[in-house]
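Below you'll find the structure, written out as structure tokens, and then a few comments.
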Amino acid sequence: MNSPFPLFATTICRCLCLLVIGPAACSLLHAQHFEKIAYQNQVHPFLKVGLWAWPLPVDYDQDGDLDLLVSCPDKPYNGIYFFENKQGNVEMPLFEAGVRLGPAIKNVQLSFVSDTPRLLSPGMEYTLWKEQPLSNPLPIALQTDFSALHQRIRANQWKYVDYDGDGDSDLIVGIGDWTDYGWDNAYNEQGLWTRGPLHGVVYLSINSGTPEQPHYEPAKKLTAGATPIEVYGMPSPNFADFDGDGDLDLLCGEFLDGFTYFENTGSRTVPHYAQGRRLTNEQGPLRMDLQMITPVAIDWTRDGFPDLIVGDEDGRVALLTHSGKVHQGMPIFHSPRYFRQQAADLAFGALVTPVSVDWDADGDEDLICGNTAGYIGLIENLDGGNPPKWAEPVYLLADGRPIRPMAGPNGSIQGPCEAKWGYTTLSVADWNHDGLYDLVVNSIWGKVVWYQNVGTPTRPILTASRPVEVAWPGLPPRPAWNWWHPQGNELVSQWRTTPYAIDWDQDGLNDLVMLDHEGYLVFYRRIKQNGRLILLPPQRIFYSLEGLSYDSRHRPGEQAPNAWLRLNYRPAGGSGRRKFCFTDWDGDGRLDLMVNSVNVHFLRNVRQEDGKVFFQDMGKVDEMVLAGHTTSPTTVDWDHNGQPDLLVGAEDGRFYFLKNPHPK
């Protein structure tokens with residue numbers, strides 16, 4: 001038998017912590033540490049960094065084939081990563097797992113000067129090769145102050161190109177300007193955006209010096225026809241002979257998912273650009289799966305035609321091969337194919353939102369997850385181990401089609417530039433009490449829906465979504481900033497926040513706990529009436545012991561009225577975004593609340609009386625930063641000891657495990 005002394009000492013230590021340094025600091029002092037979860041399986045998942053991929057295709061190890069460097073500017077996966085190509089000059093090599101070389105370089109761009117790769121960021125050039133990896137950047141002497149020309153710059157992309165064919169390197173700068181767009185909450189009652197669009201413009205600075213001693217003239221906007229070149233934000237300009245006529249054309253990306261082509265109708269030495277046209281192929285407009293795309297033109301296939309290597313918002317990188325065909329002056333590219341790598345970290349998109357549940361009734365815990373793209377995926381636990389062996393994620397289908405709610409032109413309170421995002425967050429529960437697991441889902445819209453399982457316990461089959469309805473006494477409430485109104489009795493809450501299905505009152509019926517339209521944590525009670533399941537209007541039964549309100553990153557704000565627990569007091573784009581789960585984290589028999597933050601905060605259930613539940617904020621569970629935006633917690637019991645451990649879906653799409661530090 002173990003000695004009782006360690007438990008006694010731990011208890012005394014914790015009491016002293018609470019008295020001397022407070023609960024938040026005490027929580028940190030006794031925290032375990034997060035461990036990143038690996039596949040434990042020889043699958044070949046998508047090549048991936050964290051949120052937002054900036055690819056740099058170069059022969060980094062100088063062995064004669066092209067590798068990938070990928071810069072990821074976000075948390076917690078910030079860095080430049082080396083994905084080695086060991087398979088040689090093949091079209092779709094299986095890359096090695098990424099190796100971090102150093103911190104990310106913001107707005108990094110790849111140029112080729114006399115076939116030599118050059119790495120630039122705004123005003124700087126970096127050493128590329130392994131002997132001095134990404135060190136000692138040298139300044140680029142361009143006098144143009146772009147911040148004086150554009151008030152709100154979100155992309156600032158510098159590249160070398162011999163624009164006029166005179167043998168030296170000129171400078172190209174792509175600027176993404178958000179000044180007219182503003183930020184959020186600018187729809188009229190018809191759902192039309194009332195501010196301006198994103199602007200993506202391209203500047204040219206001619207080198208009037210020499211290759212050895214460049215002198216860059218003041219930058220001027222490039223034009224197409226008689227007007228400045230413009231795309232929808234973040235232009236990522238690429239100059240290459242895309243149509244095979246011997247001069248340099250221009251191909252741009254954007255903040256969304258498509259490509260614009262500007263044909264050079266002049267010559268190699270005196271370029272003139274035609275009005276931009278959207279790239280298409282036999283399948284229609286050429287689009288990436290997500291947005292915030294970062295294209296790089298390079299002859300990847302070595303067939304004499306420039307291909308595109310493109311990074312996506314969720315950290316994946318795709319190849320779009322040039323078909324060798326040109327139609328009416330337009331190059332034709334094949335649709336994107338995403339690269340794959342040797343298995344390493346388990347991941348599913350970005351800002352992943354996991355729920356641990358035995359989805360296929362085989363006795364172990366699988367993961368059902370949402371993400372930024374709006375997909376919902378199954379990651380099957382293959383062996384019930386500790387840690388488990390995982391299958392590659394697969395998209396869940398409803399009526400035979402992948403589940404993917406998206407904002408479209410007016411579904412995001414932050415405007416039409418977020419059209420390709422879905423931000424799914426969910427619960428798995430038997431919502432209609434027929435013995436099968438269903439899905440209860442919220443998204444970027446804030447509409448709470450459910451997907452019915454009409455299959456079997458071992459072979460779930462989901463039908464199309466239908467609204468979760470509440471027995472409202474009048475018109476359904478909605479966030480004050482929503483331009484649209486709920487239909488019928490549908491439940492509309494703040495966007496991107498967990499709809500937590502749980503039998504809170506332990507009457508045998510699954511209820512719902514989530515944020516209401518004003519950001520308070522509320523209880524929607526379920527009853528059965530005349531044989532029908534009815535969800536009652538919300539009750540504010542949850543209280544903060546400190547009387548605090550929080551924002552989406554769990555930063556405390558003003559005191560909440562009546563000390564109700566308000567998990568987000570901010571309006572519009574700053575609203576919602578709260579992910580949480582209930583669990584008895586400290587083993588005292590009461591359900592605690594684990595909520596997203598830079599990792600996860602532990603809100604301890606200190607007492608329940610007269611139907612009210614009081615929580616005390618015990619601080620974050622670890623010092624490790626897992627998010628700049630949000631995380632999403634669930635609990636697991638992989639060691640089968642009956643005690644919940646924590647699994648956190650992080651901003652980088654990966655999963656981080658924390659052993660429960662409390663004595664069992």
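Quick one: accessible area per residue over segment 385-440, 1.4 Å probe, rounded to a whole number of Å²?
I get 35 Å² per residue for this part.
I need the phi-derived Karplus couplings for segment 106-113: 6.51 cos²θ - 1.76 cosθ + 1.60, θ = phi - 60°, integer Hz, Gly and Pro marked x.
Here the 3J(HN,Hα) series is 5, 6, 5, 9, 9, 10, 10, 10 Hz.
If you look for lysine pairs in segment 39-169 that are eight or more places apart or on different chains, how many of them have Cα atoms under 19 Å apart? Please list the in-between numbers first.
Numbers: K48/K75; K48/K86; K48/K106; K75/K106; K86/K130; K106/K159.
Number of lysine pairs found: 6.
Net charge near Y232: determine it from the other residues with C-beta under 13 Å of the C-beta of Y232, scoring Lys and Arg +1 and Asp and Glu -1.
Cβ neighbours under 13 Å give a net charge of -2.
Take the Cα pairs of the chain, get the Kirkwood Rh, then feed it into Stokes-Einstein at 37 °C and 0.692 mPa s and tell me D in µm²/s. Walk me through the numbers before you get to the answer.
Working: Rh = 26.7 Å.
For these conditions, the coefficient is 123 µm²/s.
Give, as a single signed number, the net charge of other residues whose beta carbon lies under 10 Å from the beta carbon of D645, with Lys and Arg counted +1 and Asp and Glu -1. Present the calculation step by step, with values, prior to reporting the outcome.
Numbers: positive: K659; negative: D637, D639.
Charge balance near D645 sits at -1.
As a test of the definition: which semi-axes, in Å, follow for segment 99-177 when you take the square root of five times each eigenvalue of its alpha carbon gyration tensor? Largest first, please. Please list the in-between numbers first.
Working: eigenvalues 94, 68, 21 Å².
Its equivalent ellipsoid spans semi-axes of 22, 18, 10 Å.
Using only Cα atoms, locate the centre of segment 566-582 and the centre of segment 595-655, then give the distance between them in Å, rounded to an integer.
15
Across every pair of different alpha-carbon atoms, what Kirkwood hydrodynamic radius in Å does segment 247-304 reach? Before the final figure, lay out the partial values.
Numbers: mean 1/r = 0.0779 Å⁻¹.
12.8 Å is the Kirkwood radius here.
Could you tell me whether segment 529-664 comes out rounded, prolate or oblate from its Cα gyration tensor? Rule is a ≥ b ≥ c as square roots of the eigenvalues, rounded for a/c under 1.5, then prolate if a/b exceeds b/c, otherwise oblate. Can you show the working numbers first?
Details: a/c = 1.44, a/b = 1.14, b/c = 1.26.
Rounded shape, in that the Cα axes give a/c under 1.5.
Taking θ as phi - 60°, what are the ³J(HN,Hα) couplings along segment 156-161 by the Karplus curve (6.51, -1.76, 1.60), each to the nearest whole Hz, with x for Gly and Pro?
Ordered by residue, 3J(HN,Hα) equals 9, 10, 9, 9, 8, 7 Hz.
Probe 1.4 Å, all protein chains in place: accessible area of E35 in Å², nearest 10?
Ignoring ligands and nucleic acids, E35 comes out at about 110 Å².
For helix 5-20, report the angle its Cα long axis makes with the longest principal axis of the Cα atoms of the chain; keep it between 0 and 90° and round to the nearest 10°.
Long axis of 5-20 versus the principal axis of the chain: about 70 degrees.
Skipping prolines and chain starts, which residues have an amide H placed within reach, meaning under 5 Å, of the one on W52, given they are 5 or more residues away or on another chain?
Result for W52 returns D314, G315.
With a ≥ b ≥ c the root eigenvalues of the C-alpha gyration tensor of segment 394-453, is it rounded (a/c under 1.5), prolate (a/b larger than b/c) or oblate? Can you show the working numbers first?
Numbers: a/c = 3.28, a/b = 2.03, b/c = 1.62.
Prolate, because a/c is 1.5 or more and a/b exceeds b/c.
For segment 137-229, would you read off the P(r) tail past 24 Å as a percentage of all alpha carbon pairs? List each step's numbers first, then the result.
Details: 1458 of 4278 pairs.
Result: 34 percent of Cα pairs exceed 24 Å.
Grab the eigenvalues of the alpha-carbon gyration tensor for segment 479-588, scale each by 5, take roots, and send me the semi-axes largest first in whole angstrom. Walk me through the numbers on the way to the answer.
Details: eigenvalues 113, 79, 27 Å².
Here the semi-axes work out to 24, 20, 12 Å.
Can you show me the helix-derived [θ] at 222 nm for the chain, built from DSSP H runs with n ≥ 4 at -39,500 (n - 2.57) apiece and divided by the number of residues, rounded to the nearest 500. Mind dumping the intermediate values first?
Details: 3 runs with 27 residues, N = 664.
About -1000 deg cm²/dmol.
Excluding residues on the same chain fewer than 8 positions from K612, give the lysines whose Cα lies under 29 Å from its Cα.
Of all the lysines, those that pass the test against K612 - Cα under 29 Å, at least 8 places apart if same chain - are K447, K528, K579, K620, K664.
If I histogram all Cα-Cα distances within segment 184-255 using bins 5 Å wide from 0, what percent of pairs lands in each bin?
The distribution over segment 184-255 is 4, 13, 13, 17, 18, 13, 9, 4, 4, 3, 1, 0, given as percents.
Provide Rg over Rh for segment 183-339; use the alpha carbon set for both Rg and the Kirkwood Rh (inverse mean inverse pair distance).
Numbers: Rg = 17.0 Å, Rh = 16.9 Å.
Value, to two decimals: 1.01.
Starting at 0 and stepping by 5 Å, how many percent of the alpha carbon pairs of segment 64-144 end up in each bin?
With 5 Å bins starting at 0, P(r) equals 3, 14, 21, 24, 20, 12, 5, 2, 1.
Give the percent of DSSP beta bridges with both residues in the chain that are antiparallel, rounded to the nearest 5.
Numbers: 145 of 152 bridges.
Given both bridge residues lie in the chain, the antiparallel proportion sits at roughly 95 percent.
The values are calculated or read from the model by the stated rules, or taken from the named source; none is laboratory data. Keep in mind that what you see is a predicted model, and the values were worked out from it rather than measured. All Cβ positions, glycine included, derive from the backbone under ideal geometry; neighbour counts span all protein chains shown. Heads up: the accessible areas ignore ligands, DNA and RNA and are worked out on the full protein's heavy atoms, side chains in. Shrake-Rupley method; radii C 1.70, N 1.55, O 1.52, S 1.80 Å.
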